[in-house]
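Peer 1: The structure that follows is given in the form of C-alpha cells.
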Amino acid sequence: MIHSLFLINNAGDLFLEKHWKSVISRSVCDYFFEAREKAVEPDNVPPVIRTPHHYLINIYREKIFFVSVIQTEVPPLFVIEFLHRVAETFQDYFGECSETTIKDNVVIVYELLEEMLDNGFPLATESNILKELIRPPTILRSMVNTITGSSNVGETLPTGQLSNIPWRRAGVKYTNNEAYFDVVEEIDAILDKSGTTVFAEIQGVIDACVKLSGMPDLTLSFMNPRLLDDVSFHPCVRYKRWESERVISFIPPDGNFQLMSYHISAQNLVAIPIYVKQNISFFETGSSGRLDIAVGPKQTMGKTVECLVVTVHMPKVVLSANLSATQGTYNYDPVTKILLWDIGKLNPQKLPNLKGSLSLQSGAPKPEENPSLNIDLKIQQLAISGLKVNRLDMYGEKYKPFKGVKYVTKAGKFQQRLSEWLLVHTEV
Amino acid sequence: MSASSAFSDEKGGSASEPEYGHDPASGGIFSSDYKRHDDLKEMLDSNKDSLKLEAMKRIVAMIARGKNASDLFPAVVKNVACKNIEVKKLVYVYLVRYAEEQQDLALLSISTFQRGLKDPNQLIRASALRVLSSIRVTIIVPIMMLAIKEAASDMSPYVRKTAAHAIPKLHSLDPEQKDQLIEVIEKLLADKTTLVAGSVVMAFEEVCPDRIDLIHKNYRKLCNLLIDVEEWGQVVIINMLTRYARTQFLNPNVNESLLEESSEKAFYASDDEEDEDKKAEVTTLEKRKPYVMDPDHRLLLRNTKPLLQSRNAAVVMAVAQLYFHLAPKAEVGIIAKALGMFEPYLKSFYIRSTDPTQIKILKLEVLTNLANEANISTILREFQTYIKSMDKDFVAASIQAIGRCATNIGEVRDTCLNGLVQLLSNRDELVVAESVVVIKKLLQMQPEQHSDIIKHMAKLIDNIQVPMARASILWLIGEYCEHVPKIAPDVLRKMAKSFTNEEDIVKLQIINLAAKLYLTNSKQTKLLTQYVLNLAKYDQNYDIRDRARFIRQLIVPTDKSGALNKYAKKLFLALKPAPVLESPFKDRDHFQLGSLSHLLNAKAAGYQELPDWPESAPDPSVRNVEVKDSIPDWSKCSSRKDRKEKKVEKPFYSDSEGESGPTESADSGNCGESSASGSDESGSGSESEESREETESEEEEEDEEEEKKKRKKLDKTKAKKQAEESAERCAIHTIHQIRTIAPSGSIKMYELLHRITGEGLAVEYCFSRQPFSPDPNMVAVQIQFTNNTNSETKNLHIEDPRLQSGMRIREFAEIGLQPTGESVTVVMGIDFCDSTQAANFQLCTHTRKFFVSIQPPVGELMTPTFLTENNFKKEQGKLMGMNEILEKLTLGEKCVNEHVIVERVTATANLSRVPCGSDKECRFAGKTVSSGCLVLVTVTTKEGGGAQLTVNCEKMVIGTMLVKDILQALSQ
C-alpha cells in the first residue's frame, strides 16, 4: 500500500525519508515540487498527484508536506487518514509536530514509522500501544538512559495488542486519578454583507485527558443529547449504547485522545456571537479607497469574546493601508495582501473600530473582485450550541476520580462576504 | 506485483551509483566522510551497548536523511544478535534498508532470525518474522515460506498477524510461491481473531483477489467481526466484501418500481391483516416473484452501518461506497447524513474564499449537480458571489457552472444568459473570455431569439484579447451570419486586417467566418475572403495553410473543383447540434467509489473491477458454515429463532482467546429488513425502529463484553475474581436497572409518549401481567392516556404498525372522545414472538400522529406456570446442556432472605414460585407467552452471600437475557 514517505518543509527541503518496501529514489518528489510550484498556496497542492510510475498522496500539516508514494490501487482517503495519524502521533510524542522536533527526535520518529506500517500496511497506530513499544522522550528518561544504557524500546508485546480494547494498556496506575473533558466547538459560518447568516453550522469535538488507574468503564451523558446530529466516535465508544440511550459509554485510552466529534447542522439555528460592520470601498479615481470596520457583540450568552482577530484578504492592487484602530493592533502585509487586525478582548462598553484609507497601485482600475473578511475568536466556558455534559459516571474501579469539564467556543471557518448580489437578478 | 519492474529500474539506478555519490557532502570532504564512518565502525565494535546504540542512532539518522550508509553493513550486521533491544531494533531497520544491496552479507544474519522465530517472547518472534520477510533476497525464499507457514499456526494472534503481513512480501519477491501462499491465506482467513482479519484480507487482496471462493465460508464471520477490527482492516475488508457481494447477491434495484411496494408489503404478508385490498395486492406481488434480499446481503449492510460513525474518514467512505454499490436505492440515503450528499445539505457546499482550489471546484460541481427548478435561484445567487472571487480559475469554473445550470434547467436559461452578457463588460478579461465561451454554447441552443446578444458580442471583438473567446465570437458570427447581416462583413474586414497577428485558433475561425460569409453573401465578401485565404496560404502554421487550401477548393468554383462544391453551403451551414455542457467528473462511475482509480478516472495498477450483479444468484448455501445451518426461510419467524440459537452455538462466540466475539449478533432484527427500506418512512419512525434493533443487540454486546473480561481475568488469576466480576457487572448495568427492575410489589410504568412531545397528550404503559383474553399468545399491555391539553382529544387509535415479521398486534378499540384533564386506560395485546424487539406503531388522534414503540423487558414475555416439585425436576432434566445457563453471583446487601429473593425474581420476570423442600433453593417456573416454551429458574443460596442462578429454557436468547436481568436484580 504505502511504499515510502517523504517529509518536505515549506522551503522545499526534503528532510526525512522512510521506505517500507524497496527504496524509491527521492527524485520521484520532483513531480511533487512541480505541483507545489503551480499551486502557489501550499493548501492548493492537489492531494493526489499522478506520475508515470507512482502516485503521490500528500497532506500539508504544521508547515510540513507528508508525501507518500503509492504504486497500486488504494483508497486515497485511507492514505490521507494514515498520514494525519502519523502527524498526530508525532504531536502526541513530541508535544508539537514540526520540522525541528522531528529532526531532533529522528531516531524515535524512525522507530515509530517502523512500527506504524509493515510492508506498507498499518500495523500499530494506537497511541497507547505505540507508547509501550517506544517510550516518548522525556528529559529525565534520556538522562537516565545515557547513564545506564537502558533503552526506550519495550521488550514485550503491548498488552493492548492482544486485548479486545487495543487502545488501552493494562496495569495503568496513577496516584491522582483524574478525567478531564474539553468540549470545543467551532462555528463555521458564511455571513453576507449585512451580517445575515447565509449558512452556519457547528463542528464540535470532545477532547479528553483521562488518567485513571485500572480498567475504568466510563459513561458520559448529556443534558441535551438530541442536539447532536452527525457524530463520529473514537473506537472505544460503544455505538449501540449511543444509538439506544444517547450516552457515551467507553473504556478510555490512557492519556489524551479525542472522544468524539460532532456536527450540528444548519437546520438548527446557530448563534452568531459577534457582528461586524464594515465598509470597504474603492474610489473610481485617485487610486485609493476607504476602510471602516467595527465589531460588536451579538449573541455571546453573557460571556466575554476573546482573542478576536479580523483578517481581510485585499485585492491585489491594494498597496498599503493607513489606518487607525481604537483597540488592538493592525498589520497589512503588502506581499500576501492580508490585513490582520488583532483586537484581543471585546469590551461591550467600548466597541473596537478600525478605519482609514487604502492606497492602490496608481493607474490601476478600481478592483472588481471583493475582499473577504475572516474572523477568529474564542469564548471560554461556553459551548455555543448549548450542549451540556450532564454527568460522568465511572464503573469497574473503586476509587473516586477527579472529574472536570471545560467548554470553549471558537470561530472555525467564519467568513463574512463583502460582495453584493448585483449581477443577475433572478426571480425567486 | 506488476509494477515492480518499473520501480526496480529506479532502484537499480540508485544502487549502481558509487556509494559515496549519494552523499551531497562528498567530493571535497570525501575522505573525512570515511573517517567519520570509521568512528562509527569503532563504536559498533566496542563492548559497550551505549556506544553501539549511539552509533546506530547516528546511522539511522543518516538513513532518514537519505544519506548512504551502506559501507557500514559488515559492522552493523555483526550486532544483529545484540542483547540491547533498541540496538537490535535499529540494526533491523538498517538491515531491511540495505539487505537488497548486500545480499551475501545479509545472509549472515538469517540464522539470528531463525533463532528469533523460536523465541518464547511473542514480540521477538513477530519482529524476527517481520525482518526476515522484509529482507528482499531471493535465496531465502524457502526459509521465508517455512517461517510464514509456521507463524500462521502460532499461538499468538499477533504473530499470526505478522504472518499475514509477510505473505504479500514473499509474493512480490517470488510470485512462483503463489499457490503455497494461497494455502496459508486460506488457513488465516479461517482465523477467528479480529487482530488477524484485516491483515489477512489485505494479503488476499494483494495475492489472490479473484479467489472469491475462499471467502464463502468466512463471509459471515467477517461481517460479524467487522466492528471489532481495527480501522485500517475495516476499510480493506469492506472494500473486499463489496466486490464479493457483487458476485454473490442479486441487484436489489433490479426491479425498482416493484421493489418499493413489495418491500413494504411482502413482509407484512404474514400479518393477520383483515384488509382485503392488501391481501389482494400481496398475492399479485407474489405472482410477480418479488425480489427478496439474501439474508447475508442484509447482514453485510446491517453490520457496516454503525461504522458510519467511525472517526476515520476512510472507514466512513468505505461504508458509503458499500451502500452506494450494494444497497437498495431507498437505503442509500443513510449515507447522506455522514457525507452530506443531498439537497438538504446544499448550504454545506457553499464556498468560502479560503477553501483550497480543489475543494472549491468539487463543491461547485456538487452545487451544479444539486441544482433543480426549486433551488436554482438560490444557487445562481450563490454563484454570482463566486464570480467576484479573487481566485480566477475558480471564477472561470463558476461561469461554466452557470452555463451548465442554464442548459440543464430551461427556465433559467434566459436569466443566466442575461447575467453572462452583463459579465461581458467585466474588467477582467478572463471573466469575459470564459463568459463568451459559455454564451456561445448557450446561444447555440436557440439562436433565433438572441440576435441582439450576437450583435453585442460582435462589438466585443475589438476589446477581447483572449484567443479562445475571440475564436468563439467569430464562430458565432459566422454560424449566425444571417441574424447579423450587416455586422458580419465588417467583422471580417477587421479580422482580415489583424489576421497575421492572431493566434492560430483565431486564424482558423477567421477562415471559417470568411467561408461562411462567402457562401451567404459573396457580393460583399468575395474579395475579403480571397484576401484572407491568401494570407492563410502563406502562414507559418501548416494547419492553417492546409485549411486555406481545403476551403478554397470547397467554396470557390473552378473547373477542377469536384462534386463537393455544390454541397459547400450544406456542409458549412448545416444545423449543428447544440453542445452538451458536461460535468468534468462524468465517465468515472464504472470505478468503485472512493478508489484511487475513481479519483483519477484511470485504472490504477492492482485495481479490481467491481463486477456486475449476477443474473441469478449463486448458491447461497456455500456460505453456510455448519451442516445444519440450512438456508433460512426468511418470512417465517421460527427460522429467525433458529438462527438466533445457532448464533449462540457458533464456536467463536465462546472462543477461548476471547477476542473474537462478534459485537453485534449476526442476525439481530433480520426480519426488519423490509421495513427499514421503506423510503416513505418519516424520520422519527425509522429512528425508533433503529433503536429497537440496536437495544437488543446492545444487550448482547454487553453480555459479551462481560464474557470477554471474565475470560481474560480467569486466564490470569482464576480464584478470587468472582467478587470483582459481579461488582463490575453490576456497574455496567446500572443504567439498565433503572429501566427494567420493577420496584417490589408495584408494576413499573413506562413512558410511551411524553407530555411535551405529545403536545399535551401523555401516554404511559405497563405490562399488567394479566392474561390477554382475546388471544392467549399475546402479552397484555395496559396503556394509560392522560389528556393535559385544554381541548378534547378525539379518535385515539393505532395506525400503521411496523412489526418484525411474525409479530402481531391487537389494537385497542378507538377512544372516541377524551375530555381535558382526564385519564383513560385501555389494554392492547402484542405478540412479541418471544423476542425483545420493539413493536412500533403510530398513535393517532384526530389531529396528530405520534411514532411510538413498546419494547418489552425479557421478563414480561412469559407467564407463570404452576409446576410441582417433581414436574419441575423432570422438565429441568429435559433442558440440560446448551439449554441450561449457570451463573454464580454475590447477592446484594439487601438480599438477606428468601423473601427478598422471591420478590426480586418475580419483579424481574413474570414467573410463579414452585414449591421446594430445601430452604436453600428458590424455584420459579413460567412459559413464554407466544410459543409456550418452559422457563425454569433456580436460585441456590450459599453461605456468605454467594449464590448460583440456573435458568433452563429452550430459547437460549431468552435464557441469556433473563439470566442477566435476574443477576442484576439479585446483586443489587
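The numbers here are math on the coordinates, done by the rules we state, and not lab data. Everything numeric here is computed off the predicted structure, so don't read it as measured data. Every residue, glycine as well, gets a Cβ built from its backbone with ideal geometry; the counts of neighbours run over all protein chains shown.
Peer 1: What ³J(HN,Hα) values, in whole Hz, does the Karplus curve 6.51 cos²θ - 1.76 cosθ + 1.60 give for the stretch A:390-398 when θ = phi - 60°, with x put for Gly and Pro?
Peer 2: 7, 7, 10, 10, 10, 10, x, 10, 9
Peer 1: Which value, in debye to the nearest 20, gives the size of the charge dipole of the stretch B:38-248 about its Cα centre, when Lys and Arg are +1 and Asp and Glu are -1 at the Cβ? Write out the running numbers ahead of the final one.
Peer 2: Working: 30 positive and 27 negative charges, 95 e Å.
About 460 debye.
Peer 1: Where the centre of each part is set by its Cα atoms, how far does the stretch B:375-400 sit from the stretch A:165-189, in angstrom?
Peer 2: Distance between centres, Cα-based: 43 Å.
Peer 1: Less than 12 Å Cβ to Cβ from B:Asp213, Lys/Arg counted +1 and Asp/Glu -1: what total charge do the surrounding residues give?
Peer 2: Charge balance near B:Asp213 sits at 0.
Peer 1: To test your reading of the geometry: what angle, between 0 and 90 degrees and rounded to tens, separates the Cα axis of helix A:29-39 from the longest principal axis of chain A?
Peer 2: 30
Peer 1: Once the cut-off is 21 Å, how many percent of the Cα-Cα pairs in the stretch B:860-971 end up in the long-distance tail?
Peer 2: It works out to 27 percent of all Cα pairs.
Peer 1: Right, here's the next one. Percent of Cα-Cα pairs per 5 Å bin, from 0 to the last occupied bin, for the stretch A:244-384, please list those.
Peer 2: 2, 8, 16, 16, 13, 11, 10, 8, 6, 4, 3, 2, 1, 0
Peer 1: While we're on this one: Compute the signed sum of charges (Lys and Arg +1, Asp and Glu -1) over the other residues within less than 10 Å, Cβ to Cβ, of A:Phe283.
Peer 2: Values: positive: A:Arg290, A:Lys366; negative: A:Glu284.
Net charge in that neighbourhood comes out at +1.
Peer 1: What is the Cα centroid distance between the stretch B:756-780 and the stretch B:404-443, reported in whole angstrom?
Peer 2: For the stretch B:756-780 versus the stretch B:404-443, the Cα centre distance is 64 Å.
Peer 1: Just to confirm the number: angle between the C-alpha axis of helix A:76-94 and the first principal axis of chain A, 0 to 90 degrees, nearest 10?
Peer 2: 80
Peer 1: Further question: P(r) for the stretch B:38-248, please, calculated from all Cα pair distances in 10 Å bins and given in %.
Peer 2: Bin by bin from 0 Å, the calculated values are 8, 31, 29, 20, 9, 2, 0.
Peer 1: I would also like to ask the following. Tell me which trypsin sites (Lys or Arg not before Pro) from the stretch B:784-872 have a DSSP coil assignment and no more than 13 other beta carbons within 10 Å of their own.
Peer 2: B:Arg848
Peer 1: Here's something else I'd like to know. Arrange B:Lys576, B:Lys388 by Cβ neighbour counts within 10 Å, fewest through most, would you?
Peer 2: In increasing order of surrounding Cβ atoms, one gets B:Lys576, B:Lys388.
Peer 1: Past 23 Å, Cα to Cα, is the threshold; run B:Lys874/B:Lys955; A:Lys173/B:Lys894; A:Lys21/B:Lys305; A:Lys277/A:Lys355 against it and keep the listed order.
Peer 2: Check vs 23 Å cut-off fails for A:Lys173/B:Lys894; A:Lys21/B:Lys305.
Peer 1: Follow-up question, since we're still on this one. Mind telling me which of A:Gln91, A:Gln71, A:Gln349 comes out most flexible in a GNM of chain A, alpha-carbon contacts under 10 Å?
Peer 2: A:Gln349
Peer 1: Summarise the partner chain shielding of A:392-400 as one whole number: the mean count of Cβ atoms from other chains within 10 Å of each residue's Cβ.
Peer 2: Values: counts 0, 3, 1, 9, 8, 3, 2, 0, 0.
Across the residues of A:392-400, the mean count of other-chain Cβ atoms within 10 Å is 3.
Peer 1: Taking the Cα centre of the stretch B:522-623 as the origin and placing charges on Cβ (Lys, Arg +1; Asp, Glu -1), which of B:Ala605, B:Val580, B:Thr529 is farthest toward the positive end of the dipole?
Peer 2: B:Thr529
Peer 1: Order by neighbour count: A:Trp242, B:Trp613, fewest other Cβ atoms within 10 Å first, most last.
Peer 2: With the fewest neighbours first, A:Trp242, B:Trp613 line up as B:Trp613, A:Trp242.
Peer 1: For the stretch B:423-535, what D do you get in µm² per second when you plug the Kirkwood radius from alpha-carbon pairs into Stokes-Einstein at 37 °C and 0.692 mPa s? Kindly include the intermediate steps, with their values, before the conclusion.
Peer 2: Numbers: Rh = 13.8 Å.
The estimated diffusion coefficient comes to 237 µm²/s.
Peer 1: Give the average, rounded to an integer, of partner chain Cβ atoms located within 10 angstrom of each Cβ in B:117-125.
Peer 2: Counting other chains' Cβ atoms within 10 Å and averaging over B:117-125 gives 2.
Peer 1: Something else now. Quick check: convex hull over the Cα atoms of the stretch B:296-434, volume per residue in Å³, rounded to an integer?
Peer 2: On the way: hull volume 16.0 nm³, N = 139.
Value for the stretch B:296-434: 115 Å³ per residue.
Peer 1: So what's the gap between the Cα centers of the stretch B:180-255 and the stretch A:281-329, to the nearest angstrom?
Peer 2: 57
Peer 1: In addition: Around A:Glu114, what is the net charge, scoring Lys/Arg as +1 and Asp/Glu as -1 over all other residues with Cβ under 14 Å from its Cβ?
Peer 2: Its environment carries a net charge of +2.
Peer 1: For the stretch B:750-857, restrict the atom set to alpha-carbon positions and state the Rg and Dmax in Å.
Peer 2: Values for the stretch B:750-857 (Cα only, Rg and Dmax): 13.4, 40 Å.
Peer 1: Report the equivalent ellipsoid semi-axes for chain A in whole Å, largest first, defined as the square roots of five times the eigenvalues of the gyration tensor built from alpha carbon atoms. Walk me through the intermediate numbers first.
Peer 2: On the way: eigenvalues 362, 196, 84 Å².
Taking √(5λ) for each eigenvalue gives 43, 31, 20 Å, largest first.
Peer 1: Report the one residue of A:Phe282, A:Leu358, A:Tyr330 whose Cα lies farthest in the direction of the positive end of the charge dipole of the stretch A:274-380 (charges on C-beta: Lys and Arg +1, Asp and Glu -1; origin at the Cα centre).
Peer 2: Checked the options; the winner is A:Tyr330.
Peer 1: In whole Hz, what ³J(HN,Hα) sequence does the stretch A:220-235 give by Karplus (6.51, -1.76, 1.60; θ = phi - 60°), x for Gly and Pro?
Peer 2: Along the stretch A:220-235, the couplings run 10, 10, 10, 5, 9, x, 5, 4, 6, 9, 10, 10, 10, 10, 4, x Hz.
Peer 1: With everything on Cα atoms, drop me the angle between helix A:139-148 and the longest principal axis of chain A, reported from 0 to 90° to the nearest 10.
Peer 2: 30
Peer 1: Explain nothing, just the number: dipole magnitude of the stretch B:860-971 about its Cα centre with +1 on each Lys and Arg Cβ and -1 on each Asp and Glu Cβ, in debye rounded to the nearest 20.
Peer 2: Numbers: 13 positive and 13 negative charges, 39 e Å.
Dipole about the Cα centre, nearest 20: 180 debye.
Peer 1: Turning to a different aspect of this structure: With a cap of 11 neighbouring Cβ atoms within 10 Å, and only residues DSSP puts in a loop, list the chymotrypsin sites (Phe, Trp or Tyr not before Pro) found in the stretch B:442-538. If you can, show how the numbers build up before the last one.
Peer 2: Values: sites: B:Trp475, B:Tyr480, B:Phe499, B:Tyr518, B:Tyr531, B:Tyr538; in loops: B:Tyr480, B:Tyr538.
Listed in order of number, the matching sites are B:Tyr538.
Peer 1: Still on this structure: Ranked by Cβ crowding within 10 angstrom, fewest neighbours first, how are B:Arg547, B:Arg298, A:Arg226 ordered?
Peer 2: A:Arg226, B:Arg547, B:Arg298
Peer 1: What area, in nm² and to one decimal, does the C-alpha convex hull of the stretch A:2-148 cast on average over all directions?
Peer 2: Average of the hull's projected areas for the stretch A:2-148 equals 9.0 nm².
Peer 1: Could you give me the ³J(HN,Hα) list for the stretch A:109-116, computed from phi with Karplus coefficients 6.51, -1.76, 1.60 and θ = phi - 60°, whole Hz, x at Gly and Pro?
Peer 2: With coefficients 6.51, -1.76 and 1.60, one gets 4, 5, 4, 4, 4, 5, 7, 6 Hz.
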